[in-house]
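Here's the structure, in structure tokens; my notes come after.
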Amino acid sequence: MSQLEPLIADLALILICAGVMTLLFKSLKQPIVLGYIVAGFLASPNMPYMPSVTDGHGIHIWSEIGVIFLLFALGLEFSFKKILKMGAAPIIAALAIIFAMMYVGACTGELFGWKEMDCIYLGGMLAMSSTTIIFKAFDDMGLRQQRFASLVLSVLIIEDILAIVLMVMLSTLAVSKEFEGSQMLNSILQLGLYLVLWFTVGLYFIPMALRKLKPLMNDETLLITSLALCFGMVVAASAAGFSAAFGAFVMGSILAETVEAEKIEHLVAPVKNLFGAIFFVSVGMMVDVNLIIEYIVPIISIIAAVMLGQTILSTCGFLLSGQSLKTSMQCSFSLTQIGEFAFILATLGTSLGVTSDFLYPIVVAVSVFTTFTTPYMIRLAEPTYNMLTRVLPAKWIAKLERNKNEKEEKEPDELKLIWKDCLKRFIFTMLINCVLCIAIMAIMLYYGQPMIANMVPAQWVHPVTALVALILCSPFLWMMLRSGSDSPEVNKLWESGSHWRVKLTAYGLLRLIITAIFVSYFVDYAIPWSTWLAMFALVAILFIIFSSSHLEKHGTRMTKNFTDNLSAREREKNNK
């Protein structure tokens, strides 16, 4: 009789435990993720009365794949356009909550004398509420249609994207072993450039490729293609120094803007559920009852920090974003738990070897307790609000109960709306094209120049490199300089008076200056020895870019393709 590989036997054990526990927790109407954690504890060496896994390294690799699929699925549900449509309120509230709870978590760790990295990671874990658990609680309690519920879900979307940023920052911090503001800012800038670059390039080419290959795409080929893109981006992100999970999220967010997004999400769901289950089971395997008993005081303290911190500080965050007191309390009482991202951050800290062994089981214990209490905390919001209205002075309540929907607000002027729309497009266009030009410059310097050096004399290497880079960047430079300048909206503003002409002139000068900065870099790189010659070349190149009908045609076509791809999913929904 053949001998089973240990990894296969371990997989059988954890799936059997997970199957039994999820059925049990489903019957008890509790979150299935808790069933996975209990299953992991039962299958771990920490449970002496049960068979346990033997190949811990293999399970760890599978759990990392689980994180990749979880973040890929999160990206498929995410949309950058949703963020833009939310307005400022959820963004302000999310930022206030995250910074406040990170501070509370770090201070709680310092009270117990934990090392600096434990405190920082604990702060990050406490800052992220559980999207899955809150969504399920709202669904079970019939609150999905409530205004405060939609606001909470908007905040959770912001928290999810900021959690990705936090993962990258903590990874950088773990490698450098010290906190430096300039280094952290550099990491954030690199993250932003990477995100914008791949989102722009991916959204330009991937929907086009999917449309052309649609006759060949059945469920099987679409699934394989999507996973190939996901893991390809994972490799690219790892090569660029980012985490594999970040790469999976980026590709998911790109595919989320395609027409096939819902179908891909449906096809990926079973694979995500399988590997996600293995990840959460591996979390449960880290639970050590002896450690929990030993650290029961920190566990109770952290639970109190989550409960009080979220109810008080999150209420302040929502008030700061302009919500009424009642809405703010309903939102904050819904966020009193930690969930999936806490486990992912804990796994990150453990894999990098920068957090202590006791932190993982503590976080799991806190998550389990706060998950069970989530429905009760949601119900407690209104009675607590009623109690406050009886205790606080009437003047305070009147001020805190401001409601923007009840205020008489003047309808914004049509021209102001047009200007605001033009400004948004300007920022969007400049951001994307600046990132693309920077990417082309970097590629030419690091990869193109060595190849050119093997083909031309030494004195011509810099000029040829700059010329090739300039040619590649020229469509994007044209879009930076002229895209949208002849639109009906701009013409209407120009004809509406000197006030708008001054703004449009300043807007045009800024575009000219930014484009000139890029062109001057190419010119200086090619002919650094002559100031007058460089100035003449700069003016000549700007004139050519401005007046080129070829670049206008090429740039207009590229802009239209990108815009069509960005709105394709919405058009598909409207046509149904």
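The table below gives the values:
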read-out: Residue ID - nearest to THR429 (Cα to Cα), chosen from residues in the range 202-214 that are in contact (Cβ under 8 Å) with a residue 24 or more places away in the chain and among the hydrophobic types (A, V, I, L, M, F, W, C); value: LEU203
read-out: Selected residue [outside any helix (DSSP H, G or I), buried (at least 16 other Cβ atoms within 10 Å of the Cβ) and not acidic (Asp, Glu)] from PHE246, PHE242; value: PHE242
read-out: Scope the range 18-54; condition part of a helix (DSSP H, G or I), touching a helix residue (DSSP H, G or I) at 6+ places or on another chain (Cβ under 9 Å) and more than 15 Å from MET286 (Cβ to Cβ); matching residues; value: ALA18, GLY19, VAL20, MET21, THR22, LEU23, LEU24, PHE25, LYS26, ILE32, GLY35
read-out: Candidate set: the range 366-380, residues that are of a type outside the set (Val, Ile, Thr) and surrounded by fewer than 22 Cβ atoms within 10 Å (Cβ to Cβ); chosen: the one modelled with the lowest pLDDT; value: PHE372
read-out: One residue from LEU291, LEU335, LEU255 being under 20 Å from the mean Cα position of the chain (by Cα) and under 28 Å from MET21 (Cα atoms); value: LEU335
read-out: Test result for LEU415, over 26 Å from the mean Cα position of the chain (by Cα), more than 23 Å from GLY66 (Cβ to Cβ), at pLDDT below 80 and surrounded by 14 or more Cβ atoms within 10 Å (Cβ to Cβ); value: yes
read-out: Criterion violated by TRP529 - all others in (1) surrounded by fewer than 13 Cβ atoms within 10 Å (Cβ to Cβ); (2) modelled with pLDDT under 80; (3) part of a helix (DSSP H, G or I) satisfied; value: (3)
read-out: LEU319 vs. criteria free of Cβ contacts under 8 Å to residues at least 60 places away in the same chain and over 18 Å from the mean Cα position of the chain (by Cα); value: no
read-out: The range 43-57, residues that are touching a residue at least 40 places away in the same chain (Cβ under 8 Å) and either crowded, with 19+ Cβ neighbours inside 10 Å or among the aromatic types (Phe, Trp, Tyr) (or both); value: ALA43, SER44, ASN46, VAL53
read-out: Odd one out for LEU431, checked against (1) in a helix (DSSP H, G or I); (2) without any contact (Cβ under 8 Å) to a residue 24 or more places away in the chain; value: (2)
read-out: Within the range 439-460, considering residues that are under 16 Å from TYR525 (Cα atoms) and surrounded by 17 or more Cβ atoms within 10 Å (Cβ to Cβ), the one farthest from the chain's Cα centre (by Cα); value: ILE452
read-out: Flag for LEU267 being surrounded by fewer than 22 Cβ atoms within 10 Å (Cβ to Cβ) and touching a residue at least 40 places away in the same chain (Cβ under 8 Å); value: yes
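The values are calculated or read from the model by the stated rules, or taken from the named source; none is laboratory data. Because the structure is predicted, anything quoted here is derived from the model rather than measured. Neighbour counts are summed over all protein chains in view; Cβ atoms, including those assigned to glycine, are modelled from backbone coordinates with ideal geometry.
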